[in-house]
Amino acid sequence: MSSRSDVAPSYEFRPLTDKDMPLLARWLAEPHVAAWWGDKETELTGIAETIDSIAVEPFIIELDGRPIGFIQSYDPYLDDGENPFQDQPTGTLGIDQFIGEPELVGKGHGTRLIGEFVEMLFEEGAPRVILDPDAANAVAIRVYEKVGFRTIRRFKTATGEALLMALDNPEEMDAE
């Protein structure tokens, strides 16, 4: 008989709805999230605006049916010119995410769920997935490296320095 810990976690990515905003507000106030995301109210407003966006797809991450975090993909080419990643290959998607539940941080969920989400984006045809962690966020950078992301460049932001990290779709690489 196998124990529950022997079973691989099951992650689902369901579209964000207005009903999820109180949960997001709680997560954005958690110290481990607030340290790397902006002002809670500003972030909430920005995320709420993406619910009906064509440029951004926001999701709630569920673990075995329980909401545990937030993830979004975005198209830098559909941005209003403010995105510094428009030099990336056509079809590239960016992602941003966090695990909201503090007791689930540091348990390997980030590596697994980001890997699953990126695989989903690759299956949908994205040639590359990028993310832009704060250069000081060593824990996140290590998670991204475990998934397979590599640093392309450093760049300045309004809040300091960030890294542009990328992971290329292996199917796209085989086609070249």
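The values are calculated or read from the model by the stated rules, or taken from the named source; none is laboratory data. What you are looking at is a predicted structure, and each value in this text was computed from that prediction instead of being measured. For neighbour counting, all protein chains shown are included, and Cβ atoms are generated from backbone atoms with ideal geometry for every residue, glycine included.
Numbers at a glance
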quantity: Any helices (runs of 4 or more DSSP H) falling wholly within the range 17-136 and containing at least 1 residues that are in contact (Cβ under 8 Å) with a residue 40 or more places away in the chain; calculated: 21-29, 31-34, 109-123
quantity: Selection count where residues are buried (at least 16 other Cβ atoms within 10 Å of the Cβ) and farther than 22 Å from residue 154 by Cβ, scope the range 51-97; calculated: 16
quantity: Residues satisfying the stated conditions in the range 117-143, i.e. more than 22 Å from residue 46 (Cβ to Cβ), of a type in the set (D, E, K, R) and crowded, with 17+ Cβ neighbours inside 10 Å; calculated: 128
quantity: Residue count, the range 5-20 (criterion: modelled with pLDDT of 95 or more, of a type in the set (A, V, I, L, M, F, W, C) and either surrounded by fewer than 15 Cβ atoms within 10 Å (Cβ to Cβ) or touching a Pro at 6+ places or on another chain (Cβ under 7 Å) (or both)); calculated: 1
